[in-house]
Amino acid sequence: MLYKDIKDYMCQHNLIQQENLTTISFVLNPESGEWIKGLKIV
C-alpha cells in the first residue's frame with residue numbers, strides 16, 4: 001500500500017522518469033556518481 005502511494009505521488013509530480021534513471025544508473029554502475037551529484041545540485 002505504501003509503495004502504491006509513493007508511486008502515485010511520483011506520477012502526479014512527474015518524478016517517475018528521474019527515479020527510474022537514478023535506479024538504473026546507480027544499480028548498474030554504483031561507481032558513477034555524476035547522476036547523484038546532479039540530483040544533489042538540483
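The values are calculated or read from the model by the stated rules, or taken from the named source; none is laboratory data. Everything numeric in this text was worked out from a predicted model, so none of it was measured. Heads up, the Cβs are rebuilt from the backbone with ideal geometry, glycines too, and the neighbour counts pull from every protein chain shown.
Considering I41, I24, the condition of being on the phi < 0 side of the Ramachandran plot and loosely packed, with under 11 Cβ neighbours inside 10 Å is satisfied by I41 alone.
The requirement of being without any contact (Cβ under 8 Å) to a residue 12 or more places away in the chain, β-branched (V, I, T) and exposed (fewer than 10 other Cβ atoms within 10 Å of the Cβ) is fulfilled nowhere in the stretch 1-15; no residue meets it.
Can you find a residue in the stretch 16-39 that is of a type in the set (F, W, Y) and at pLDDT 80 or above? No - not one qualifying residue is present in the stretch 16-39. Scanning the stretch 8-26 for residues that are in a helix (DSSP H, G or I) and under 11 Å from the mean Cα position of the chain (by Cα) yields a total of 12.
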